[in-house]
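Student: Here it is, the structure in full.
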Amino acid sequence: MNPKDNAMNTIEVYNARLHNLRNVRVSIPKNRFVVVTGVSGSGKSSFIFDTLHKEGQRVYLEASGISHDSFGWDSFDYIEGLSPTIAARQRTVSSINPRSTVGTTTRLLNLLANVYAQEGVSASETGRDRGREDRLPGMFMFNSPHGACPQCDGRGSVTEVNFRHLWPDASASLEQWHDLAYRFPNKTKEAKAYIAGRLDNFAAAYGCSTDTPFSALSEEARSVFLTYRPRRTQSKKEKPLIFYGVEVVIEEKIKKIDFKRFPELQIKRACPSCQGYRISRQAFDIRLENRHIGELCLMDALELKEFIARYRASRAGSPFTNHILQEMARKLECLETVGLSHLNLYRETPTLSGGEAQRLHIMSHLTARMNSIVYIFDEPTAGLHETEKAKLIESFLRLKEQGNTVIVVEHDESVIRRAEHIIDFGPMAGKLGGEVRYQGDYDGFARCGESLTAAYLKQKSQPVKSYRFVRDEASPS
Ligand SMILES: Nc1ncnc2c1ncn2[C@@H]1O[C@H](COP(=O)(O)OP(=O)(O)OP(=O)(O)O)[C@@H](O)[C@H]1O
Ligand SMILES: [Mg+2]
Ligand SMILES: [Zn+2]
């Protein structure tokens with residue numbers, strides 16, 4: 001639907017009064033880049049997120065045929081012309097799924113896996129393309145059972161017990177080492193005498209005593225003392241040594257407890273089987289330009305974009321893969337636009353910074369090509385460099401050009417200057433705020449004497465953020 005066909009080209013809010021809002025009447029032009037300003041605590045989030053976005057979600061559910069209680073109806077009188085809203089608060093955009101990565105959330109990984117399935121060349125069977133027709137994209141994806149490295153389950157790393165942190169000094173006696181193993185993390189239920197008997201068995205077998213320091217053991221004895229476990233099937237002639245190596249004892253105990261409770265005992269290292277590439281042996285063998293998919297997934301997005309561009313130009317290809325590669329190029333370019341081209345496809349989304357996570361979210365909307373949506377973002381440029389800010393502003397304008405409305409809460413001057421419409425809350429925080437002090441274009445705003453933000457833009461004597469201190473002085477509580 002073209003937004004110009006909408007009967008309403010504004011969103012009209014009558015008497016919003018949630019939290020500190022004082023029955024504010026706001027008119028927001030649609031299909032514009034709108035910036036909401038005001039000191040901390042003045043009511044920006046109460047208006048944008050808790051009033052407008054709540055109602056936008058309700059509108060969306062209603063449009064989807066899901067009837068919804070008129071929740072929050074008493075927080076305003078009436079909102080007209082609102083379309084479905086999508087919002088991203090800075091700190092809460094985090095993925096619940098710990099296995100989600102930049103590649104999975106953008107679906108770039110799926111696209112790349114399709115290219116490998118279609119056009120990958122086996123490194124071990126050069127020249128022949130046997131079995132290409134049975135290749136499925138899942139074989140190249142760490143999050144698929146067909147593609148994941150079996151040793152690390154596609155995580156790329158393994159968590160092991162940091163024994164160095166646990167063991168006493170090498171000069172400590174075998175008995176001290178042994179006791180420590182059975183005491184960790186709590187005493188074992190097995191009888192003390194029984195445990196002592198095992199250590200005696202070891203001492204007898206290696207001609208030492210329980211008082212012998214660990215450091216005095218031979219190399220072979222050390223390895224037994226640490227990692228031995230009696231074999232299950234034995235011939236009747238040999239009498240097995242009944243002893244459990246101290247590391248084996250710990251490992252068995254750890255299986256029964258929540259290992260996460262002991263972060264200091266964990267050591268994470270690259271998976272020895274896949275070296276961090278997360279994929280199975282078969283996938284290692286299939287290459288594009290002699291690189292397997294794991295290598296491409298560890299390139300940063302900028303490098304990958306260049307690789308894909310070169311690869312596209314180097315071959316004719318089928319219409320299907322050409323389309324996939326074009327889609328990849330478009331997404332990689334979007335990642336660059338939102339200032340995320342330093343990330344690779346394997347980067348886990350829960351480890352992104354608040355700003356990075358929010359911009360990844362923005363990127364997914366840039367590529368979605370939806371229109372008539374109201375997008376709401378909270379301080380999206382926080383922490384960005386001027387050149388990165390400029391790119392992000394461009395991406396907002398692009399979202400708008402696709403037929404959407406973009407509303408951002410921002411303190412940043414370079415963003416405020418680009419606003420097509422400004423809504424300023426104030427004058428102060430809490431009960432001393434909650435009013436709309438200005439709504440209109442930038443020029444009018446800069447001339448407006450009633451807003452602290454506008455006054456700042458005129459003077460530019462101190463950063464806008466310093467107004468955050470106003471809340472403490474003005475807050476009635
Ligand atoms: N859930 C709530 N219940 C009661 N009061 C609230 C609630 N949320 C916010 N407020 C109060 O309403 C006022 C406006 O808060 P709001 O979060 O809208 O400010 P803001 O302009 O978004 O500030 P900031 O720039 O710090 O995000 C503040 O005085 C705040 O303490
Ligand atoms: Mg806020
Ligand atoms: Zn692995």
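Student: If the requirement is being open to solvent by 50 Å² or more (accessible area, probe 1.4 Å) and more than 16 Å from ligand 2 (Cβ to nearest atom), which of these qualifies: Pro272, Pro230?
Tutor: Among Pro272, Pro230, only Pro272 is open to solvent by 50 Å² or more (accessible area, probe 1.4 Å) and more than 16 Å from ligand 2 (Cβ to nearest atom).
Student: Which condition breaks for Lys331 when tested against (1) assigned to a helix (DSSP H, G or I); (2) basic (Lys, Arg); (3) open to solvent by 40 Å² or more (accessible area, probe 1.4 Å)?
Tutor: (3)
Student: With the condition kept exactly as written, say whether any residue in segment 337-352 is assigned to a helix (DSSP H, G or I) and hydrophobic (A, V, I, L, M, F, W, C).
Tutor: The answer is no; no qualifying residue exists.
Student: For segment 171-194, give me the residue count where each residue is at pLDDT 85 or above and among the polar types (S, T, N, Q).
Tutor: Adding up the residues that qualify gives 3.
Student: Also: State yes or no: is Ala88 touching a Phe, Trp or Tyr at 6+ places or on another chain (Cβ under 7 Å), modelled with pLDDT under 85 and open to solvent by less than 70 Å² (accessible area, probe 1.4 Å)?
Tutor: yes
Student: Have a look at Pro168, Pro145 and point out the one that is in a loop (DSSP other than H, G, I, E, B), open to solvent by less than 60 Å² (accessible area, probe 1.4 Å) and at pLDDT 90 or above.
Tutor: Just one listed residue meets the conditions, Pro168.
Student: With the structure loaded, tell me whether Asp134 is open to solvent by 20 Å² or more (accessible area, probe 1.4 Å), within 13 Å of Gln282 (Cβ to Cβ) and more than 16 Å from ligand 3 (Cβ to nearest atom) or whether it fails that test.
Tutor: Criteria met by Asp134.
Student: Next question. Check Leu226, Leu199, Leu180, Leu217 and return the single one that is among the hydrophobic types (A, V, I, L, M, F, W, C), over 30 Å from Pro98 (Cα atoms) and touching a His at 6+ places or on another chain (Cβ under 6 Å).
Tutor: Leu199
Student: Suppose the filter is over 28 Å from Ile423 (Cβ atoms) and surrounded by 19 or more Cβ atoms within 10 Å (Cβ to Cβ); does Leu366 pass it?
Tutor: So Leu366 fails the test.
Student: Among His421, His385, which is away from ligand 1 (no atom under 16 Å from the Cβ) and modelled with pLDDT of 95 or more?
Tutor: Being away from ligand 1 (no atom under 16 Å from the Cβ) and modelled with pLDDT of 95 or more holds for just one of His421, His385, which is His421.
Here's the yes/no breakdown for (1) within 25 Å of Gln151 (Cα to Cα); (2) surrounded by 20 or more Cβ atoms within 10 Å (Cβ to Cβ); (3) within 16 Å of ligand 1 (Cβ to nearest atom):
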{"residue": "Arg281", "(1), (2), (3)": "yes, no, no"}
{"residue": "Asp285", "(1), (2), (3)": "yes, no, no"}
{"residue": "Leu298", "(1), (2), (3)": "yes, no, no"}
{"residue": "Leu304", "(1), (2), (3)": "no, yes, no"}
{"residue": "Arg310", "(1), (2), (3)": "no, no, no"}
{"residue": "Pro319", "(1), (2), (3)": "no, no, no"}
{"residue": "His323", "(1), (2), (3)": "no, no, no"}
{"residue": "Glu327", "(1), (2), (3)": "no, no, no"}
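Student: While we're looking at this one, here's another question. Please enumerate the residues belonging to segment 45-69 that are within 13 Å of Gly434 (Cβ to Cβ) and open to solvent by 20 Å² or more (accessible area, probe 1.4 Å).
Tutor: Selection gives Ser45, Asp50.
Student: Right, another one. Residues of segment 220-276 being within 16 Å of ligand 3 (Cβ to nearest atom) and either within 21 Å of Tyr194 (Cβ to Cβ) or assigned to a loop (DSSP other than H, G, I, E, B) (or both), which ones?
Tutor: Cys271, Pro272, Ser273, Cys274, Gln275, Gly276
Student: Could you list, in sequence order, all residues of segment 17-43 that are under 33 Å from the mean Cα position of the chain (by Cα), buried (at least 22 other Cβ atoms within 10 Å of the Cβ) and within 11 Å of ligand 1 (Cβ to nearest atom)?
Tutor: Val36, Thr37, Gly38, Val39, Gly41, Ser42, Gly43 - these are the residues of segment 17-43 that are under 33 Å from the mean Cα position of the chain (by Cα), buried (at least 22 other Cβ atoms within 10 Å of the Cβ) and within 11 Å of ligand 1 (Cβ to nearest atom).
Student: Among the listed residues Tyr438, Tyr442, Tyr375, identify the single one that is open to solvent by 30 Å² or more (accessible area, probe 1.4 Å), at pLDDT 85 or above and either in contact with a His (Cβ under 9 Å, 6 or more places away or on another chain) or within 16 Å of ligand 3 (Cβ to nearest atom) (or both).
Tutor: Just one listed residue meets the conditions, Tyr442.
Student: On to the next question. I need every pair where a residue in segment 398-419 that is open to solvent by 20 Å² or more (accessible area, probe 1.4 Å) has its Cβ under 6 Å from the Cβ of a residue that is aromatic (Phe, Trp, Tyr) and outside any loop (DSSP other than H, G, I, E, B), sequence separation at least 6 or different chains.
Tutor: Final answer for the pair search is Lys400/Phe33.
Student: Looking at Arg447, is it at pLDDT 90 or above, of a type in the set (Lys, Arg) and either more than 16 Å from ligand 2 (Cβ to nearest atom) or open to solvent by less than 30 Å² (accessible area, probe 1.4 Å) (or both)?
Tutor: Judged against the criteria, Arg447 is not a match.
Student: Another question about this same structure. Spot the failing condition for Arg222; the list is (1) closer than 26 Å to Pro185 by Cβ; (2) surrounded by 14 or more Cβ atoms within 10 Å (Cβ to Cβ); (3) touching a residue at least 12 places away in the same chain (Cβ under 8 Å); (4) not hydroxyl-bearing (Ser, Thr, Tyr), and only one is missed.
Tutor: (3)
Student: Looking at (1) within 16 Å of ligand 2 (Cβ to nearest atom); (2) at pLDDT below 90; (3) among the polar types (S, T, N, Q), can you tell me which one Ser70 breaks?
Tutor: Ser70 satisfies all of (1) within 16 Å of ligand 2 (Cβ to nearest atom); (2) at pLDDT below 90; (3) among the polar types (S, T, N, Q) except (1).
Student: Next question. Mind checking which residues of segment 368-380 are without any contact (Cβ under 8 Å) to a residue 40 or more places away in the chain and either of a type in the set (D, E, K, R) or in contact with a Leu (Cβ under 6 Å, 6 or more places away or on another chain) (or both)?
Tutor: Arg369
The values are calculated or read from the model by the stated rules, or taken from the named source; none is laboratory data. Just so it is clear, the structure is predicted and the values come from calculations on it, not from any experiment. All Cβ positions, even for glycine, are placed from backbone atoms using ideal geometry, and neighbour counts span all protein chains on display. Side chains are part of the model used for accessible areas, which takes the heavy atoms of the whole protein and leaves out ligands, DNA and RNA. Shrake-Rupley method; radii C 1.70, N 1.55, O 1.52, S 1.80 Å.
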